[in-house]
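These notes concern the structure reproduced below.
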Amino acid sequence: MSIFSTIQAQIVGANAAAAAATSVGLAAGAAGAAGPVDVEQKLAEIHKAKGSPNLNWRTSIADLMRLLDLDPSLDNRKELATELGYTGAKDGSAEMNIWLYKNVMGELEKNGGIVPASLKG
């Protein structure tokens, strides 16, 4: 399973993630059986269930990955960048990380998530 599909499965559900695994971005509107998922609410629930660790998941791709128990290493962020079509230098720069966060939120929205403007960057 791709890194994005893993993120998506934990937030908007397995049905949307399976569609995204086939082609990121082409599964527009592939909400799970229960309908669209409020991404911010779901992430806040995960955060609370983990004892509210000191993570800046609302703006940081690395902290979002930590919240979802994914390794936020540079190698994994490079892999995620490749999955999502990032064309810049895959060097872990702030530019790359901001792009990753915005695009993860954008793909979640395309694939069954309701993403508030505050999480879109």
Within the range 86-121, work out how many residues are part of a loop (DSSP other than H, G, I, E, B) and either in contact (Cβ under 8 Å) with a residue 40 or more places away in the chain or under 13 Å from the mean Cα position of the chain (by Cα) (or both).
5
Does K78 qualify as being surrounded by fewer than 20 Cβ atoms within 10 Å (Cβ to Cβ), of a type in the set (D, E, K, R), touching a residue at least 12 places away in the same chain (Cβ under 8 Å) and more than 20 Å from Q10 (Cβ to Cβ)?
yes
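Just so you know, all these numbers are worked out from the coordinates, no wet-lab data involved. Quantities reported herein were computed from a predicted structural model and do not represent experimental measurements. Backbone-built Cβ (ideal geometry, glycine too); neighbour counts: all protein chains shown.
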